[in-house]
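Working notes for the structure below.
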Amino acid sequence: MIAAVVLGLIWVENSALVPVARTGADWENRHAAQKALTSSGEKFELALVGDSITHGWGGRPQPGAQWAGGAPELYDSLFGPYQPVNLGISGDRTQHVLWRLDDGVLDGVNPKVCMVMIGTNNMGSNSEAEIAEGVVAVVMKLREKAPKTKVLLSSILPRETEVGEVRKKVDRTNGILAKHEWPEWVTYVDCGPGFLESDGRMKPGLMPDQLHPNKAGYEVWGAAIRPVLTKMMAD
């Protein structure tokens, strides 16, 4: 993994790999609530790791009014049997997740499975290769913090109703992740097809803002991961 490259005489660092905290009460309070829960001694077999799209599932810790839970009944039926903890925070990029992991949000938890979906918020500031490196770094950091955990890595969900530049960048990033030589404890799942028509347009009624799933969108995502998660938890 290359964290930086030399371009002429300029040393350019991949910001997606450099752990950094965010500021603001919402982020700080959410992170503190997550740490309080994971350090409570309660056993969690499943940890959901990501940004607002993961945050939006709901669950514990309580997501707050803005993220009251896109599909709470689905969350309970899909994840509930595994004593889940939701470690998603709206707005996070790969570097923010790396910082939260370094700060101990998963210390001592040792979940059987971590489900990860991260990287969409890096689209405006990093290249496809940089974002993919950031995602790989998150996955490896999870294993470092929880040496026996298995990782269900979800592809970055599609964006935009039409196939524009952001969608193309998401697709190229997912292409890198799909071809990466993952260790046997990582299962990569392409969750995008259920959101798209045959011509590549976003199916109507799944992502009203072309980024965040609504209840129907979470059902599509849930359908993609359910058989994989069930198998990983049973193994």
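Of the residues making up region 52-67, not a single one is assigned to a loop (DSSP other than H, G, I, E, B), modelled with pLDDT of 95 or more and surrounded by 14 or more Cβ atoms within 10 Å (Cβ to Cβ). Scan region 179-195 for residues that are surrounded by fewer than 14 Cβ atoms within 10 Å (Cβ to Cβ) and part of a helix (DSSP H, G or I) and the total you get is 2.
Within region 196-218, take every residue that is outside any loop (DSSP other than H, G, I, E, B) and within 17 Å of the chain's Cα centre (by Cα) and give me the one that is farthest from Pro158 (Cα to Cα). The extreme case among them is Tyr218. Within this structure, Tyr188 passes the test of being of a type in the set (Phe, Trp, Tyr) and either without any contact (Cβ under 8 Å) to a residue 24 or more places away in the chain or within 20 Å of Arg143 (Cα to Cα) (or both). Applying the condition of being among the small types (Gly, Ala, Ser) and either assigned to a loop (DSSP other than H, G, I, E, B) or closer than 14 Å to His212 by Cα (or both) to region 151-176 and asking which residue is nearest to the chain's Cα centre (by Cα) yields Ser155. Among the residues making up region 137-174, those that are of a type in the set (Ser, Thr, Tyr) and either buried (at least 19 other Cβ atoms within 10 Å of the Cβ) or more than 23 Å from Ser125 (Cα to Cα) (or both) are Thr149, Ser154, Ser155, Thr173. Taking the criterion of being part of a loop (DSSP other than H, G, I, E, B) and under 17 Å from Asn14 (Cβ atoms), the residues of region 109-122 that qualify are Ile118, Gly119.
Tell me, please, whether a residue that is in a loop (DSSP other than H, G, I, E, B), without any contact (Cβ under 8 Å) to a residue 12 or more places away in the chain and on the phi < 0 side of the Ramachandran plot can be found in region 92-108. Looking through region 92-108, none of the residues is in a loop (DSSP other than H, G, I, E, B), without any contact (Cβ under 8 Å) to a residue 12 or more places away in the chain and on the phi < 0 side of the Ramachandran plot. Within region 219-235, being over 17 Å from the mean Cα position of the chain (by Cα) and either at pLDDT below 95 or not aliphatic (A, V, I, L, M) (or both) holds for Pro227, Thr230, Lys231, Asp235.
The values are calculated or read from the model by the stated rules, or taken from the named source; none is laboratory data. In this text the structure is predicted, and so the values were computed from the model without any measurement. For neighbour counting, all protein chains shown are included, and Cβ atoms are generated from backbone atoms with ideal geometry for every residue, glycine included.
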